[in-house]
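Q: Input: one structure, supplied below.
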Amino acid sequence: MFLARVVGTVVATQKDHKLAGGKLLICQQLDMTGAPKSAYVVAMDAVGSGRGDVIVYAAGSSARLTDVTDGLPVDAVIMAIVDSLEVNGEITYKKGEVGEPA
């Protein structure tokens, strides 16, 4: 599992019919402090996340194990919206906190 922030959407009018109705989001990977990395991933949303949300996603074969993605041709799935991160006893991210990047 990995941390990321939703930074955009993917619109694809032509796609595999199994992906119809699914929401594809562009996610920028984060380190454990919530700082952005230079890597991005396109993930199918299974939990109703949106732009600006910090999320947890799974990649590889694990991405096809949610109710939303079972049997679908996906390699990444958003499976949680993060409320807070605590690393070594320190809160490094809290949803909605002042100064949180939009």
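Q: Quick one: what are the phi-derived ³J(HN,Hα) couplings along segment 5-13, Karplus 6.51/-1.76/1.60 with θ = phi - 60°, whole Hz, x for glycine and proline?
A: Running phi through 6.51 cos²θ - 1.76 cosθ + 1.60 with θ = phi - 60° gives 10, 6, 10, x, 10, 10, 10, 9, 6 Hz.
Q: Counting pairs of alpha carbon atoms under 8 Å apart in space and at least six apart in sequence, what relative contact order in percent does segment 31-89 give?
A: For segment 31-89, the relative contact order is 41 percent.
Q: Return the label of the correct value of Kirkwood radius over Cα pairs in Å, as calculated from the structure shown, out of (1) 15.3; (2) 14.0; (3) 22.1.
A: (2)
Q: Return the carbon/sulfur percentage of the accessible area of the chain, one whole number, probe 1.4 Å, all protein chains in place.
A: 53
Q: So what is the relative contact order of the chain, in percent, for Cα pairs below 8 Å that sit 6 or more residues apart?
A: RCO, the chain: 26 percent.
Q: Relative to the Cα centre, what is the charge dipole magnitude of the chain, using +1 at the beta carbon of each Lys and Arg, -1 at the beta carbon of each Asp and Glu, and rounding to the nearest 20 debye?
A: My answer is approximately 340 debye.
Q: Less than 12 Å Cβ to Cβ from residue 63, Lys/Arg counted +1 and Asp/Glu -1: what total charge do the surrounding residues give?
A: Spelling it out: positives minus negatives among the neighbours equals -2.
Q: Sticking with this one: Rounded to the nearest whole Å², what accessible area per residue is found for the chain with the 1.4 Å probe? Write out the running numbers ahead of the final one.
A: Details: 6120 Å² over 102 residues.
Accessible area per residue: 60 Å².
The values are calculated or read from the model by the stated rules, or taken from the named source; none is laboratory data. If you're wondering where the values come from, they're calculated on a predicted model, not measured in any experiment. Cβ: placed from backbone, ideal geometry, glycine included. Neighbour counts: every protein chain shown. To get the accessible areas, we keep the full protein, side chains included, count just its heavy atoms, and leave off ligands, DNA and RNA. Shrake-Rupley method; radii C 1.70, N 1.55, O 1.52, S 1.80 Å.
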